[in-house]
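Trainee: Dropping a structure here in structure tokens format, bear with me for questions.
The values are calculated or read from the model by the stated rules, or taken from the named source; none is laboratory data. Source: prediction; values computed, not measured. Positions of Cβ are backbone-derived with ideal geometry, glycine not excepted, and every protein chain shown enters the neighbour counts. SASA here: full protein model, heavy atoms, side chains in, ligands and nucleic acids out. Shrake-Rupley method; radii C 1.70, N 1.55, O 1.52, S 1.80 Å.
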Amino acid sequence: MIIDNDRYEQIWQDSSIASLGLFVQPGADVEAIVAEIQNQFRGRQDLSVQSNRTLRQESLIIFDRTFAITNALRLLAVVVAFIGVLSTLMSLQLERTRELGILRATGMTPRQIGSMTLLETGLMGTMAGLFAMPLGYALAWILIYVINVRSFGWTLQMALEPKYFWQALLVAIIAALLAGIYPALRLGQMNISTAIRQE
């Protein structure tokens, strides 16, 4: 918003000036002009002089710092998902011990049991990654167009890049497969007679 200074003083009875903008000729060296103004007022005024480019760069640095927590949250989400898949597989292993013991007794090899477990975990990771795409988009839309507007009074431009969706899907599958390695190894070492007798 731009307002005439006389009109501003008339409305608010404020004769002090907190800031002003300086427009230079096209092609002028803005940083040199900023340095010259700072030299002229050095020691006389507590004056902060910045070019729009410098102000924008510093704003972006501060903005990036405020969103640095999202990287930590992303890592935390992967760790939580990893632990969730691992604990689910371990509980499934306990529940299906007799069933898997029968499969082993009828000729299924430890390698086949392990492969089956990894296939199950891979499918779990794939489904989780596929479900995460629309849910993540919906959450991003709410954050950008609802929460940001209500909390800060401004919003961002949403930019959808397919590589991030594929990256999320790949991370989900890899995390699920890594979580399935330990249960697969344990299933391969099960005692068949004990597993069959277990109720």
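Trainee: Being open to solvent by 70 Å² or more (accessible area, probe 1.4 Å) and of a type outside the set (A, V, I, L, M) is the filter here, so list the residues in the range 136-164 that pass it.
Mentor: Of everything in the range 136-164, those that are open to solvent by 70 Å² or more (accessible area, probe 1.4 Å) and of a type outside the set (A, V, I, L, M) turn out to be TYR137, TRP141, TYR145, ARG150, SER151, PHE152, TRP154, GLN157, GLU161, PRO162, LYS163, TYR164.
Trainee: Still on this model: If I go through the range 86-101 residue by residue, how many of them are more than 14 Å from TYR182 (Cβ to Cβ) and open to solvent by 70 Å² or more (accessible area, probe 1.4 Å)?
Mentor: 3
Trainee: While we're on this one: For residues in the range 28-49 being among the polar types (S, T, N, Q) and either open to solvent by 80 Å² or more (accessible area, probe 1.4 Å) or at positive phi (or both), which is modelled with the lowest pLDDT?
Mentor: My answer is GLN45.
Trainee: Right, here's the next one. Would you check if there is a residue in the range 73-86 being among the hydrophobic types (A, V, I, L, M, F, W, C) and farther than 27 Å from ALA184 by Cβ?
Mentor: yes
Trainee: In the set PHE131, PHE82, which member is out of contact with any strand residue (DSSP E or B) (no Cβ under 6 Å at 6 or more places or on another chain), modelled with pLDDT under 85 and of a type in the set (Phe, Trp, Tyr)?
Mentor: So the residue among PHE131, PHE82 that is out of contact with any strand residue (DSSP E or B) (no Cβ under 6 Å at 6 or more places or on another chain), modelled with pLDDT under 85 and of a type in the set (Phe, Trp, Tyr) is PHE82.
Trainee: Among the residues of the range 148-182, what is the count of those that are modelled with pLDDT under 85, farther than 16 Å from ALA138 by Cβ and of a type in the set (Phe, Trp, Tyr)?
Mentor: 3
Trainee: Determine the pairs where a residue that is within 14 Å of VAL78 (Cα to Cα), located within the range 120-140, has a partner that is open to solvent by 60 Å² or more (accessible area, probe 1.4 Å) and charged (D, E, K, R) with Cβ atoms under 6 Å apart, the partner being 6 or more residues away or on another chain.
Mentor: none
Trainee: Residues in the range 106-117 that are of a type outside the set (Val, Ile, Thr) and open to solvent by 60 Å² or more (accessible area, probe 1.4 Å): how many?
Mentor: Selection size over the range 106-117: 3.
Trainee: Looking only at the range 165-180, decide whether some residue is closer than 28 Å to VAL78 by Cβ, out of contact with any His (no Cβ under 9 Å at 6 or more places or on another chain), open to solvent by 60 Å² or more (accessible area, probe 1.4 Å) and free of Cβ contacts under 8 Å to residues at least 12 places away in the same chain.
Mentor: Checked against the condition, which is being closer than 28 Å to VAL78 by Cβ, out of contact with any His (no Cβ under 9 Å at 6 or more places or on another chain), open to solvent by 60 Å² or more (accessible area, probe 1.4 Å) and free of Cβ contacts under 8 Å to residues at least 12 places away in the same chain, the range 165-180 yields at least one hit.
Trainee: Here is a further query. What residue, among those in the range 69-85 that are more than 13 Å from the chain's Cα centre (by Cα) and open to solvent by less than 60 Å² (accessible area, probe 1.4 Å), is nearest to ALA168 (Cα to Cα)?
Mentor: Here the answer is ALA81.
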